1. Any residue at all in the range 433-447 that's under 21 Å from LEU395 (Cβ atoms), surrounded by 21 or more Cβ atoms within 10 Å (Cβ to Cβ) and of a type in the set (Lys, Arg)?
2. Which ones in the range 218-265 are assigned to a helix (DSSP H, G or I), open to solvent by less than 40 Å² (accessible area, probe 1.4 Å) and of a type in the set (Gly, Ala, Ser)?
3. Could you tell me whether ILE797 is more than 28 Å from LEU416 (Cα to Cα) and of a type outside the set (Ser, Thr, Tyr)?
4. What single numbered condition from (1) under 30 Å from ASP255 (Cβ atoms); (2) out of contact with any strand residue (DSSP E or B) (no Cβ under 7 Å at 6 or more places or on another chain) fails to hold for THR164?
5. Hey, does the range 173-191 have a residue that's out of contact with any strand residue (DSSP E or B) (no Cβ under 6 Å at 6 or more places or on another chain), surrounded by fewer than 17 Cβ atoms within 10 Å (Cβ to Cβ), without any contact (Cβ under 8 Å) to a residue 60 or more places away in the chain and of a type in the set (Gly, Ala, Ser)?
6. Return only the number of the condition from (1) surrounded by fewer than 16 Cβ atoms within 10 Å (Cβ to Cβ); (2) modelled with pLDDT of 85 or more; (3) not in a helix (DSSP H, G or I) that ARG581 does not satisfy.
7. Just to be sure I understand, how many residues within the range 678-736 are farther than 18 Å from TYR441 by Cα, small (Gly, Ala, Ser) and open to solvent by 20 Å² or more (accessible area, probe 1.4 Å)?
Amino acid sequence: MPEDLFAASRVARVALPVPVDELFEYTIPATIAAKIEPGMRVRVRFGGRALVGVVVERASAPHFEGRLRPIEAVVDSAPVLSPALLTVLRDTADDVLCPIGIALATALPAGSAPVIRKGYALTPRGRHAAESGAARGAVRAILEALARAPRTAAQLRAQGGAQTVPTLDALSRDGWVRSQEIERGPTARVARERIAAITPGADLAAMRAQLGRAPRQLETLERLAEESPLPTRTLPAAPLRALVERGFVVTDERDTPRDVLGTPLEDAAQVELTADQARALQPIEAAIRDRAPTSFLLHGVTGSGKTEVYLRAVATALETGRQALVLVPEITLTHQILARLRSRFGDRLAVLHSGLRPGERVEQWQRLRGGDTPIAVGARSALFAPLERLGVIVLDEEHDGAYKNDEGFRYHARELAQRRAAAAGCPVILGSATPALETRYAAERGEIQRLVLAHRIGGRPLPSVELVDLADEKAQAPRGRKVILSRRLRAALNETLAQGGQSILFLNRRGFSTRIFCFDCGHAERCEDCDVALVYHASEGALRCHYCDHQRPPPERCGGCGTPDTALLGLGTERLEEEVRTLFPHARIARLDRDIAQRRGATERILHDLRAEAIDVLIGTQMVAKGHDFPGVRLVGVVAADVGLHLPDFRAAERTFQLLTQVAGRAGRDRAPGRVILQTFVPNHYAVAPVREHDYEKFYAQELAHRTSLGFPPVGRLAHVLLHGESLVDTTAQAQQLSERLRREVPGCDVLGPAPAPLPRLRGRYRWQILLKGEDAEVRAAALLARDASTRLKDGIQAAVDVRPWSML
C-alpha cells in the first residue's frame, strides 16, 4: 500500500484474543503510520490491561463514535499473516462461530509474541526506603528485589514465600510500591550460538608475524583463516580471548535452528509407478500446473502406494516454483513421512506440530516464513504454515478425527485446507483407505474428484481376515477364566514367532484394566470430579482418571460394602502386555500407547525398532493402527474389536470400521502374506463383517442409509451445544431454558434435548447437551442464537457451540 494512503488511514481494526466476536478500533500514531500493515501484531490497551492483537484492517475513519485509544507499539517488522491467509482465517472463523481474535491467535506459534504480565515497581518513597536500609525481613527482601528491576508477583513469591502477597498489599497501601505492567520478550526463543571470525579488513600476514611467540593463538587464528566464522565452543577459550583482546578476532551471535527433521530413509530411489498410481497422478499434476483449486479423493486400499503419489505431486509443485503442505493426523506419523520426504527432497522442508518445544516450532515457522523452505509437514496446526506460493496440499488419512479441533477455534483441517487451496489456486489431495462419509458422499455428488487405487503395490494380496466370535470362545473356556487371547490368536502368534515374523496386537484401551469392581455389591471405583471409571495402571500402582488425571492408590476394600474381594475387571494395554509376556517369555515385546508416547523420543524409537525387526510383538492402541508401513509384520490381532462400537456417538460404527480396516492393513505389506484375526462379540455387525472382505463400499452404503433415515451428516446438518457448570440445578435449568427458546424462535430446526452429556460430569462441572438438526440455514440460525444466548447465562455456567461436531462425547 502506498505511503500516502497509509497516512490517510489513521484507524486500525484489531483482532484481540478475547471471547468477543468483533474487531476493536485504535488510532494509529503518525510516528508509526507507515509501519503498520494488516497481518502485523500490535500492543494495545484493552479494559485496563495491555494485550497483543493482530491488525486486520486499516480505515480512514472509525465505525463508532467516541474517543479511540492509540496503538502503543508495533510487535512485528513485517506481517506474520499474509492477506490471503488472513482472509481464509476470517471466513473460517465466521463459519464456525469463533471470535476472530481467538482464531488468529490459534494460527500463530505459541510463545512467539511478547508476554505482558502485571507486576510491581518501587515508587520514589519505596526507593528511598530501600536505599536507607531501614526495612527488615520480608519487606527488605521485596524492596531490594524491586530496586534491581520491576518484578511479577510470581517472581517475588518464588523468592519470598507465602508472606509475599500480603506484604505487597501493605507496601502498596503505604505508597512504597505500585502496580506496573512488565513486558517480556517471546517465551519461544530461537536457539543461538556465539561465533568468532577474523576482524574484517585485518592484515592476516601482520597478525601472524605478531603471534610468533604465541603458538596456541596462532593455531586458533589459522583455524579461523581456513573457515570463518566458527562457533566459539569449538575453539580453545584462553587463546580466543587473547585474540579478541588484541583486536584480531571479533565475536557475534547467530541463529542455529535445531534439527528436528529426523533421519531420512536410506533408500531414496524413485520407484516405478503402477498403472493405478499413474492414472491417479495425471489429473493431480494437471491441476497443479493449471493452478486449479480442485479437491481430489485418493481412495486407495492399504499398501496401494498413496504416499508415492503424494511425493510425485510435491515434486511437481516444486518444479513449477511453488510450495507444498503435507498433513498427517497424528504426530507419530510425521516421523515416517518426514523420512520419505527428506530422502527425496533433502532438507528443503520444515515440520510443525505440538510435539516440538516452543522454540523449535518458532524456528521451523521462521524457516518457512523466509520463503527458502518450500515444504511444510505436520499435524493439523501445520495448516497455518506461512506459505505464500502453495502448489499442492495433502491430507493423509483424511478420515481421521484428529483433524478436527474441538476447543476454541473449532475448525476441521479438511475444510480449512480447501479454503487455503481456493485462495492459493492449488489442488487438495485427500488420501485414505477408509474415507470419511462426508468425503465419500461429496465425491458421489461430484463435488470432489475420486481417484481409486484398488490394488496393493507389486500385486501383493490384502491380508486374510478371520473373525473370532468371543461369545463362543467364552462358552468353551473353563468357568471363571477370562478370555484375553483366543485359541486361534494364541496359535497364530506362536506360528508367526516360530517363522521369524512380527505381530501387532491392537487394543484401543490403555492401562492395566478398565476398573476396580466388587462382585458382591457391584461398586466400581470412579472419579469424583468426572463421573467416569478410574483406570488401574500397574506400572504406577495407581488408579487414574483419563480426563482430569486425578490419581489415587487402589483400595484394599470395596468402597461400597467394605468387602476385601474386589477384582480387576476389563482389559487394558498393560494387562495385555503382561498376558503376552507370560505366554511368550522369549519374545521381544514392546508397548505403544499414550502413556509411553509422553516420554520424548519414545514413539520414534519404538517404531524404528519395529521397522528394524528388533521387536517381535508390538502391543498398542490406535497409535499403531494408521499410516505406518512395517514390512516385517505378518500378523495383526485385534483383541477387542467392539471397543467403541456402542459409544453414544452417531459416528461410532464409522470409526469402528475405519479403525479395524486401518489396523488390518498393517499386515502383509511385504512379500510374506498377511493374516488378521479380529476378536469380537458381534461378528455379524455391519461395521465389523465388511472388514473381512475389505469392503468399504458395502459399509458405506449401509451406514449412509442409516444416516439418511435419521437425518444425520452427511445428508443432514447437525450442531452441538454443551453447557457446563458447578451447580447441577442451575446448569439443568439453563439448558432447559435455552432449548425452549431455540424451539420457539427457530421452529424449522429440530432441537434434541437437553440431556446429560455422555460424560455427565467432568473436572467437577456438570454437563448438559443440546443437539440441533435440520437444514443448513435453520441449524446455523439456531447455532447463532445459542452462541449469542451463551453470553448471558447465569454466572458460573458456560456454553460451547460446535457447528460441525465430530465427536459427541
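1. So far as the range 433-447 goes, yes, one or more of its residues are under 21 Å from LEU395 (Cβ atoms), surrounded by 21 or more Cβ atoms within 10 Å (Cβ to Cβ) and of a type in the set (Lys, Arg).
2. Listed by number, the list holds a single entry, ALA242.
3. Yes: the conditions hold for ILE797.
4. With respect to (1) under 30 Å from ASP255 (Cβ atoms); (2) out of contact with any strand residue (DSSP E or B) (no Cβ under 7 Å at 6 or more places or on another chain), THR164 is out only on (1).
5. Yes, there is a match, as at least one residue in the range 173-191 is out of contact with any strand residue (DSSP E or B) (no Cβ under 6 Å at 6 or more places or on another chain), surrounded by fewer than 17 Cβ atoms within 10 Å (Cβ to Cβ), without any contact (Cβ under 8 Å) to a residue 60 or more places away in the chain and of a type in the set (Gly, Ala, Ser).
6. With (1) surrounded by fewer than 16 Cβ atoms within 10 Å (Cβ to Cβ); (2) modelled with pLDDT of 85 or more; (3) not in a helix (DSSP H, G or I) applied to ARG581, the lone miss is (3).
7. Selection size over the range 678-736: 3.
Yes/no per residue for (1) in contact with a Pro (Cβ under 9 Å, 6 or more places away or on another chain); (2) within 22 Å of ALA12 (Cα to Cα); (3) polar (S, T, N, Q):
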residue	(1), (2), (3)
SER77	no, yes, yes
LEU81	yes, yes, no
THR87	no, yes, yes
ALA93	yes, yes, no
ARG173	no, no, no
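The values are calculated or read from the model by the stated rules, or taken from the named source; none is laboratory data. Quick caveat: nothing in here was measured; it's all calculated off a predicted structure. Glycine also receives a Cβ, built like all others from the backbone with ideal geometry; neighbour counts cover every protein chain displayed. Just so you know, the surface numbers come from the protein's heavy atoms only, side chains and all, with ligands and any DNA or RNA stripped out. Shrake-Rupley method; radii C 1.70, N 1.55, O 1.52, S 1.80 Å.
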